[in-house]
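Have a look at the structure below before the remarks.
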Amino acid sequence: MKLGTVGTGWITSSFIEAAKQSGKLELTGVYSRTVDKAKELAYTYNAAHYFTDLEEMAKSPEVQVVYIASPNSVHFEQALTFLKNKKHVICEKPIFSNTAELEEAYQMAEDNGVYLFEAIRNIHTPNFRILKEKIQMAGNLRSAMLPYIQYSSRYDSFLRGENPNIFSSTFSGGALVDLGVYPLYLAVGLFGEPKKVSYHPVILSSGVDGSGTLVLEYKEFICTILCSKISHSVMPCEIHGEKGTFVLEDAAPISEIKFIDSHTKESEIFSVAQEDKDMAYECMKFAEIIKKNDDHEYKKLQEMSMIVLRVTEEARKQNNIVFGVEHKGNL
């Protein structure tokens with residue numbers, strides 16, 4: 001399929017390389033607001049077309065599916081531009097700022113006979129599937145601790161008085177929506193939607209969370225998610241059951257899965273080697289759904305995106321973290 005991209009950051013380059021590795025998507029067009037950046041990206045990855053006008057790109061027959069990796073706050077408007085022109089859309093996480101935007105965009109996709117996906121790499125990997133298949137080995141689950149704590153170089157800019165997008169309420173930033181979504185997707189993919197959510201953030205002067213603890217309450221256990229862009233940790237993820245514990249080296253990528261038996265204390269490794277460019281797995285998944293018109297798998301992904309966004313929206317409401325688009329009445 002003919003792929004177009006919106007955004008010129010490192011994540012776009014990573015997706016382009018992963019898309020090529022998947023063998024399912026061929027880069028044909030790139031977009032940037034500036035001609036020089038558009039030309040440079042097109043030249044680097046041998047794209048035949050470059051655009052500085054989003055509408056022109058959306059109408060181009062040279063693009064069938066679009067990957068959007070622009071600032072979070074503009075995902076929604078850009079996605080609608082492509083959806084109404086009957087282009088499939090893959091939108092980098094977090095897909096949108098709130099559930100109202102997501103509902104409208106899903107309806108737009110349905111009305112135009114195309115698909116809308118959230119790009120979230122960890123749940124499409126072989127190791128996630130292995131973990132989901134093996135999780136019953138732990139017996140009755142009693143707790144889970146899923147951290148994603150990674151110091152951001154952009155925090156240095158923030159401390160200097162600058163306003164990087166990821167620490168800006170105007171651009172729908174913050175630790176939970178940027179990093180917390182990885183372990184949150186892991187939790188939703190394994191355990192489903194929580195009964196209750198509570199969030200305890202460290203609020204920065206910009207009005208968004210620099211770090212926080214998200215507590216998900218399930219019927220018989222608690223899942224605790226730690227996320228931060230203002231500190232660093234090497235703590236693994238753990239899922240605790242009565243029969244044993246699963247230890248994951250990280251929430252994303254899930255590079256190693258170890259199971260430790262509660263009684264014998266013996267351990268076993270279940271993970272397999274994965275592609276270094278693990279975004280290739282989501283590329284393959286999305287391309288397969290489009291090719292087969294697999295509405296069953298699509299609905300499953302839709303529901304997961306909606307649950308994750310409901311959780312982050314509720315967490316923000318509890319702490320009066322309001323994004324700029326919501327001041328405009330989008331919530």
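Kindly list, by first and then second residue, each pair from a residue in the stretch 89-110 that is part of a strand (DSSP E or B) to a residue that is surrounded by fewer than 17 Cβ atoms within 10 Å (Cβ to Cβ), limited to pairs with Cβ atoms under 9 Å and residues at least 6 apart or on different chains.
E92/I11
Of the residues S231, S198, S211, which single one is open to solvent by 40 Å² or more (accessible area, probe 1.4 Å) and either assigned to a loop (DSSP other than H, G, I, E, B) or at pLDDT 95 or above (or both)?
Step by step, each of S231, S198, S211 is checked, and only S231 is open to solvent by 40 Å² or more (accessible area, probe 1.4 Å) and either assigned to a loop (DSSP other than H, G, I, E, B) or at pLDDT 95 or above (or both).
Is there any pair with a first residue in the stretch 143-162 that is more than 15 Å from V208 (Cα to Cα) and a second that is of a type in the set (D, E, K, R) and open to solvent by 40 Å² or more (accessible area, probe 1.4 Å) whose Cβ atoms are under 6 Å apart and which are 6 or more apart or on different chains, and what are they?
If the second residue must be of a type in the set (D, E, K, R) and open to solvent by 40 Å² or more (accessible area, probe 1.4 Å), the pairs left are M145/E238.
Matching residues to (1) outside any loop (DSSP other than H, G, I, E, B); (2) of a type in the set (F, W, Y); (3) surrounded by fewer than 21 Cβ atoms within 10 Å (Cβ to Cβ):
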| position | (1), (2), (3) |
| --- | --- |
| R154 | yes, no, yes |
| G161 | no, no, yes |
| Y182 | yes, yes, no |
| L190 | yes, no, yes |
| E220 | no, no, yes |
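Restricting to the stretch 111-152, what's the tally of residues that are touching a Pro at 6+ places or on another chain (Cβ under 6 Å), aliphatic (A, V, I, L, M) and either part of a helix (DSSP H, G or I) or open to solvent by 10 Å² or more (accessible area, probe 1.4 Å) (or both)?
So the answer is 0.
Regarding K317, is this residue open to solvent by 20 Å² or more (accessible area, probe 1.4 Å) and farther than 21 Å from F76 by Cα?
Here the answer is no, as K317 does not meet what is asked.
Residue by residue through the stretch 276-313, note down the ones that are surrounded by fewer than 15 Cβ atoms within 10 Å (Cβ to Cβ) and under 18 Å from R121 (Cβ atoms).
Within the stretch 276-313, D276, E288, E297, K300 qualify.
Considering only the stretch 120-129, I want to know if a residue exists there that is within 23 Å of V325 (Cβ to Cβ) and touching a Phe, Trp or Tyr at 6+ places or on another chain (Cβ under 9 Å).
The answer is yes, given that some residue of the stretch 120-129 is within 23 Å of V325 (Cβ to Cβ) and touching a Phe, Trp or Tyr at 6+ places or on another chain (Cβ under 9 Å).
Is it the case that T34 is open to solvent by 30 Å² or more (accessible area, probe 1.4 Å), within 28 Å of S153 (Cβ to Cβ) and of a type in the set (V, I, T)?
In short, yes.
Out of the residues in the stretch 253-275 that are touching a Lys or Arg at 6+ places or on another chain (Cβ under 8 Å) and of a type in the set (V, I, T), which is surrounded by the most Cβ atoms within 10 Å (Cβ to Cβ)?
I257
Do we find that Y43 is closer than 21 Å to W10 by Cα and either buried (at least 18 other Cβ atoms within 10 Å of the Cβ) or touching a Gly at 6+ places or on another chain (Cβ under 8 Å) (or both) in this structure?
no
Looking at the stretch 116-138, I want the residues that are over 16 Å from A273 (Cβ atoms) and have a partner that is among the small types (G, A, S) and assigned to a helix (DSSP H, G or I) with Cβ atoms under 7 Å, at least 6 apart or on another chain. Which pairs are those?
Correct list of pairs: L116/A79; L116/A105; L116/A109; E118/S305; I123/G189; K132/G189.
The values are calculated or read from the model by the stated rules, or taken from the named source; none is laboratory data. Keep in mind that this is a model prediction, so the values were computed, not measured. Glycine also receives a Cβ, built like all others from the backbone with ideal geometry; neighbour counts cover every protein chain displayed. Just so you know, the surface numbers come from the protein's heavy atoms only, side chains and all, with ligands and any DNA or RNA stripped out. Shrake-Rupley method; radii C 1.70, N 1.55, O 1.52, S 1.80 Å.
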